[in-house]
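The values are calculated or read from the model by the stated rules, or taken from the named source; none is laboratory data. Quick caveat, the model's predicted, so the values are computed rather than measured. Note: ideal-geometry Cβ built from the backbone for every residue, glycine included; neighbour counts use all protein chains shown. Heads up: the accessible areas ignore ligands, DNA and RNA and are worked out on the full protein's heavy atoms, side chains in. Shrake-Rupley method; radii C 1.70, N 1.55, O 1.52, S 1.80 Å.
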Amino acid sequence: MSDCIFCKIAAHEIGAQIVYEDDEVMAFEDANPQLPVHTLIIPKAHYAHIGDAVPPELLGQLFSKVGVVAGLKGVDGDGYRVVVNTGEDGRQTVHHLHIHVLGGAQMPIRMGPAD
Ligand code: 5GP
Ligand code: ZN
């Protein structure tokens with residue numbers, strides 16, 4: 001997609017701090033990190049969101065890189081959060097499927113029932 005910022009990053013048309021790259025997948029640092037480690041993992045091909053008929057094999061390739069990125073970023077020991085914002089209610093702002101890997105400090109929001 002010509003007007004998609006993540007397609008342009010995937011094509012090396014605009015810069016990003018690349019953490020991991022292969023033929024299908026790229027991981028790069030979020031431009032506005034919410035925690036000390038905030039890396040995005042994308043398929044190089046354009047899919048608007050996780051429900052956009054993404055081939056299962058590609059989803060496997062994408063999610064298999066979560067642990068790889070966590071290791072490269074040094075958060076595999078202490079843990080991290082994986083987030084896939086989807087659509088308006090999910091507050092997705094870039095409409096090219098991406099996985100957030102967040103860590104390096106405790107998450108500010110605890111998910112689940114209140115204490
Ligand atoms: P979303 O809210 O769609 O799940 O997250 C989009 C993320 O992409 C945000 O965390 C935002 O900081 C990041 N982002 C937006 N534009 C750019 C960009 O041009 N380069 C990089 N590296 N990250 C971006
Ligand atoms: Zn795109």
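Side notes on the structure shown:
- In the range 81-115, residue farthest from residue 1 (Cα to Cα) [restricted to those that are part of a strand (DSSP E or B) and open to solvent by 30 Å² or more (accessible area, probe 1.4 Å)]: 81
- Candidate set from the range 17-28 (those that are touching a strand residue (DSSP E or B) at 6+ places or on another chain (Cβ under 7 Å) and within 23 Å of residue 103 (Cβ to Cβ)); member that is nearest to ligand 1 (Cβ to nearest atom): 28
- The range 21-54 - residue that is within 13 Å of ligand 2 (Cβ to nearest atom) and of a type in the set (D, E, K, R) and, of those, nearest to residue 3 (Cα to Cα): 44
- Filter pass, residue 76 being part of a loop (DSSP other than H, G, I, E, B), without any contact (Cβ under 8 Å) to a residue 40 or more places away in the chain and surrounded by fewer than 18 Cβ atoms within 10 Å (Cβ to Cβ): yes
- Neighbours by Cβ (under 6 Å, 6+ apart or cross-chain): first from the range 15-36, over 15 Å from residue 69 (Cα atoms); second of a type in the set (Phe, Trp, Tyr) and surrounded by 13 or more Cβ atoms within 10 Å (Cβ to Cβ): 16/28
- Any chance residue 31 is surrounded by fewer than 16 Cβ atoms within 10 Å (Cβ to Cβ), within 14 Å of ligand 1 (Cβ to nearest atom) and within 13 Å of the chain's Cα centre (by Cα): yes
- Any hit, the range 36-56, residues being more than 24 Å from residue 14 (Cβ to Cβ) and within 14 Å of the chain's Cα centre (by Cα): no
- The residues on offer are 14, 42, and the sole one that is farther than 15 Å from residue 102 by Cβ, in contact with a helix residue (DSSP H, G or I) (Cβ under 6 Å, 6 or more places away or on another chain) and part of a strand (DSSP E or B) is 42.
- Condition met for residue 48 (part of a loop (DSSP other than H, G, I, E, B), modelled with pLDDT of 95 or more and exposed (fewer than 14 other Cβ atoms within 10 Å of the Cβ)): no
- Selection of first residues in the range 93-109 that are within 16 Å of residue 10 (Cα to Cα) and of second residues that are open to solvent by 100 Å² or more (accessible area, probe 1.4 Å) and within 16 Å of ligand 2 (Cβ to nearest atom), restricted to Cβ pairs under 9 Å at least 6 apart or on distinct chains, gives the following pairs, ordered by first then second residue: 95/1; 96/1.
- Test: residue in the range 93-100 that is within 14 Å of ligand 2 (Cβ to nearest atom), of a type in the set (Ser, Thr, Tyr) and modelled with pLDDT of 95 or more: yes
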